[in-house]
Every structure is written in structure tokens, then in C-alpha cells.
1. Mind listing whichever residues of segment 74-95 are in contact (Cβ under 8 Å) with a residue 60 or more places away in the chain and over 23 Å from the mean Cα position of the chain (by Cα)?
2. Restricting the search to segment 122-143, which residues are open to solvent by 10 Å² or more (accessible area, probe 1.4 Å) and without any contact (Cβ under 8 Å) to a residue 40 or more places away in the chain?
3. Restricting to segment 191-222, count the residues that are out of contact with any strand residue (DSSP E or B) (no Cβ under 9 Å at 6 or more places or on another chain), in a helix (DSSP H, G or I) and open to solvent by 30 Å² or more (accessible area, probe 1.4 Å).
4. Say whether the condition of being under 30 Å from Asn91 (Cα atoms), within 24 Å of the chain's Cα centre (by Cα) and of a type in the set (Asp, Glu) is met by at least one residue in segment 179-197.
5. Determine if segment 219-237 includes at least one residue that is in contact with a Phe, Trp or Tyr (Cβ under 7 Å, 6 or more places away or on another chain) and under 23 Å from Leu378 (Cα atoms).
6. Restricting attention to segment 279-288, does a residue exist that is in contact (Cβ under 8 Å) with a residue 40 or more places away in the chain, buried (at least 17 other Cβ atoms within 10 Å of the Cβ) and part of a helix (DSSP H, G or I)?
7. When both residues are 6+ apart or on different chains and their Cβ atoms are under 7 Å apart, which pairs have a first residue that lies in segment 326-337 and is more than 14 Å from Tyr47 (Cβ to Cβ) and open to solvent by 40 Å² or more (accessible area, probe 1.4 Å), and a second that is modelled with pLDDT of 90 or more and not aliphatic (A, V, I, L, M)?
8. Regarding Asp188, is this residue surrounded by fewer than 17 Cβ atoms within 10 Å (Cβ to Cβ) and either in contact with a Ser or Thr (Cβ under 8 Å, 6 or more places away or on another chain) or in contact (Cβ under 8 Å) with a residue 40 or more places away in the chain (or both)?
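The values are calculated or read from the model by the stated rules, or taken from the named source; none is laboratory data. What you are looking at is a predicted structure, and each value in this text was computed from that prediction instead of being measured. In this analysis, Cβ positions are derived from the backbone assuming ideal geometry, glycine residues included, and neighbour counts consider all displayed protein chains. Accessible surface areas use protein heavy atoms only, side chains included; no ligands, DNA or RNA. Shrake-Rupley method; radii C 1.70, N 1.55, O 1.52, S 1.80 Å.
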Amino acid sequence: MLRKNFRTRILKTLFLAGICLVALSSCSSRKDEPLVIWTNNKEFALYIEHYNATHTNSKAILVYKEEPSRSLPPAKDEPTPDLVIGSWLKNSTTRKYFSPLDYLFQENGLNRSIFYEQIIDYGVINEKQYIIPISFNTPMIAYDARQDGNLPAKKTINLEQIKQAAISFNTLDKSQNYTAMGFAPIWDADFLYFVSKVMGASYREKGTNFSWNENAMANTVAYLKKWTQDANRDTTTEQNFNFKYLPMPEYKQVMSGRCLFAYMTSRDFFTLLPSQSQPLGFKWIEQNGSLAIEDSIISVGLYKHAKHTKQAEQFLSWFFTEQTQIELLDLQEQLKLDTRIFGIASGFSSIIQVNEKSYTSHYPQLLGALPDAKTLTLPNILPYRWQSLKEQVIVPYLEESINTDSTKTPATLEDRIADWGKQFF
């Protein structure tokens with residue numbers, strides 16, 4: 001019987017084992033030393049344990065790094081990583097630490113055709129495969145499944161459809177106060193950012209910061225402001241409604257009957273307990289024929305000074321197969337962990353058939369509702385501190401700029417970037 005917090009226990013066990021193994025490595029030959037994997041993805045504790053249990057000639061250890069992309073190169077007193085797994089591995093600061101992996105597809109049996117074409121191409125830099133994407137997540141809108149008849153029949157929905165359905169859901173009392181409000185963009189910072197992306201903000205790495213499309217940002221602000229004015233009167237009304245009626249998790253918000261929609265990602269939705277997610281419906285947010293993949297794609301790279309290259313190749317050849325990943329999904333289900341896990345490394349697999357054959361059995365709501373491969377759109381190359389830039393610069397700019405009640409001119413993105421640089425460099 002597995003005890004509570006299994007993943008944390010396994011993670012600590014593997015980490016401590018790793019320290020011991022590394023300490024003993026000076027007494028063993030290189031071929032007997034363990035493969036060292038850096039990651040902050042806790043699911044890999046389970047994957048590595050399964051790999052070690054099924055391989056007698058190769059072992060791996062996990063070294064937990066809160067931000068793998070910012071941990072390279074390794075300090076002099078710590079083990080050299082062989083594989084690095086995490087987000088933000090493609091930017092110019094990080095990618096220089098990896099070796100090309102094209103030969104794995106030519107000599108070691110990895111097959112490019114099993115991957116989503118645009119997702120495997122995401123790992124290509126200067127026509128060489130430097131990293132291999134492992135998993136990804138997609139944006140969605142969740143709602144009370146009893147509202148299905150009031151929404152488009154397709155498995156996708158666009159921004160204007162969300163807005164119009166939300167307006168139709170609105171309810172006022174005799175005093176013209178809202179007792180139900182379909183949705184307000186200001187309620188969710190990630191939604192504001194998402195709208196800017198799909199409206200063409202085109203964020204991309206530029207040095208240690210980023211560039212963007214100024215016209216698209218201006219259009220985003222104008223669109224979101226008009227949404228508030230058309231649907232919910234003004235920003236203060238939206239915020240007051242949210243404070244009064246919606247101080248609860250997203251899934252409970254839509255089940256309360258007070259709002260129609262909640263913005264989520266596939267990871268958010270499918271880590272809900274079945275009792276929480278079964279009363280809900282969802283639709284992928286597709287804009288202009290594209291479904292924008294979340295920025296934080298989990299990928300793996302081979303460190304250019306890796307000491308155990310052959311073991312790394314063996315691990316990658318084992319992991320990137322349909323059979324292995326289906327086994328791992330089944331194993332996660334059998335363990336019945338207290339903390340629910342979504343898919344491979346907390347997302348959809350980069351391998352098409354794994355999603356199509358296995359996800360629909362583990363997550364029945366995906367039956368007939370998997371994202372269409374041809375619509376998936378990848379983010380641009382983003383700086384390794386993107387999460388901080390997004391939270392400290394972009395989101396506050398959008399929140400202030402779309403406020404219909406503010407008379408203050410918001411600080412520009414340029415000024416915010418300068419302030420951010422003073423704090424974090």
C-alpha cells in the first residue's frame with residue numbers, strides 16, 4: 001500500500017540515492033555510474049523508478065532543480081547532468097549548453113513521424129534537433145455541462161463566441177445589479193495574457209528581455225475594454241461581482257450558477273478529481289483556426305558535457321516510445337496517488353498515438369474531444385525568465401490598461417521592463 005504523498009517520498013528517495021551513488025562513483029567505472037537527470041518535473045521520479053526497475057544494465061538518478069533552465073552550467077561541487085528536463089530550454093541563454101540529438105533519429109531508432117510535426121520541430125534550432133519536446137498543454141474554457149445546449153456544438157470556441165454567450169447569461173435584478181455574470185476577462189490574469197497572444201502580440205526573446213507587436217497590443221487593450229463595456233458595464237462592476245460571488249476555485253465558480261465560464265488549461269482541468277470535473281464541460285479556445293499551446297512546454301536536452309552519453313541515449317530511446325508512455329500512464333492510474341497527475345509530465349504527450357490511444361481511456365471526457373493536431377500552434381522562443389516577465393510586466397500592464405474606470409495613464413511596457421531589470425538583475 002502506497003502511503004500519502006507518494007510522489008514527494010519517491011522524489012526524496014531518488015534524490016538521496018543520487019547523492020550516495022555520486023559519492024560512490026569515484027570507486028566505480030564510468031559505465032557503472034548512474035545517468036544523472038536534472039528536472040523540476042516530479043512525475044519523472046516515478047518514471048525513473050520504473051526505468052530502474054526494468055533495466056539491469058543502466059540506472060538513472062533524479063536531481064531536483066527548481067528551475068533547470070537557470071541552473072546551467074553546474075556548480076563545481078555538484079554532479080554534472082546528463083539530461084536536463086524542464087521548460088524554457090530553447091532560449092539563447094540555455095540552448096548553448098546542449099548537444100544536437102539528430103543522430104538519435106538516424107541511429108538509435110527514434111522515429112520523427114510518431115511526434116506531432118510542429119511540436120518536434122519546436123526543438124529544432126539552426127536546422128538541428130537540440131531538444132525534444134515531452135509534453136504540452138492547451139487553453140480551454142470550462143462551464144457547467146448543463147449549459148451545453150446554449151453553446152456552439154463544436155469542441156472549440158472562439159473569443160467572440162465566449163463573449164456573446166457570456167452576455168446572454170448575464171442576469172440583473174430589479175435594481176439593475178448583476179446576480180449572474182457570464183464572464184469577465186479581468187477575472188483571470190492568464191486569460192488576459194492569452195488574448196494578447198492570439199491577437200498577435202508575438203512575444204519573443206530579444207536579448208535578456210523580449211519584443212512584441214505594438215499594434216497588436218493596442219488592439220488587444222481596445223478589444224478587452226470594449227468587451228467589458230459591452231458585456232458588464234465597467235471594470236469596477238466586474239471586480240465587485242467577482243469579490244462578492246466568486247471567492248472559490250474555478251470549477252466551483254461555474255457550478256455555483258453565478259458565472260458561465262472559467263478559463264483553465266488542460267493541466268488544470270484534468271488534475272481535478274473526477275467528482276470535481278465530471279459535472280463540467282469544456283471547449284478548446286481556437287482563434288482564427290489556431291489552438292495556441294501554452295508557453296511552458298516540457299522538453300529534454302542532452303548536456304554538452306554529459307559524462308554518460310550512452311546511458312542518456314538508452315533512456316531517451318526507452319522513454320520516447322508509444323509502448324513506454326502507455327505503460328507509464330497505466331502505472332500512474334494503478335498507483336491511485338492522492339495527487340492526481342495529468343498525462344505524461346503533466347500534459348499531453350508529444351507522441352500523437354499516446355494521446356489518441358491512451359488518454360481517452362484515462363480521461364473519458366477527451367473521447368472525441370482531443371485537440372486537432374493541425375490547429376496546434378507553438379509559442380515563439382521566449383527568455384528563460386519568461387514567467388517572471390509575464391507576471392511582473394505584461395499582466396500588470398494589461399490589467400491597468402483595460403480598466404475602464406481608471407483615469408491614470410498606465411506605465412509603458414518599456415518602463416516596466418526597465419523597472420523589472422533593476423529588481424532581477
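1. Those that are in contact (Cβ under 8 Å) with a residue 60 or more places away in the chain and over 23 Å from the mean Cα position of the chain (by Cα): Pro79, Thr80, Pro81, Asp82.
2. Hits for segment 122-143 are Val124, Ile125, Asn126, Glu127, Lys128.
3. Residues in segment 191-222 being out of contact with any strand residue (DSSP E or B) (no Cβ under 9 Å at 6 or more places or on another chain), in a helix (DSSP H, G or I) and open to solvent by 30 Å² or more (accessible area, probe 1.4 Å): 5 in total.
4. Checked segment 179-197: at least one residue is under 30 Å from Asn91 (Cα atoms), within 24 Å of the chain's Cα centre (by Cα) and of a type in the set (Asp, Glu).
5. no
6. No, that holds for no residue.
7. Within 7 Å, the pairs are Glu333/His362.
8. No: the conditions fail for Asp188.
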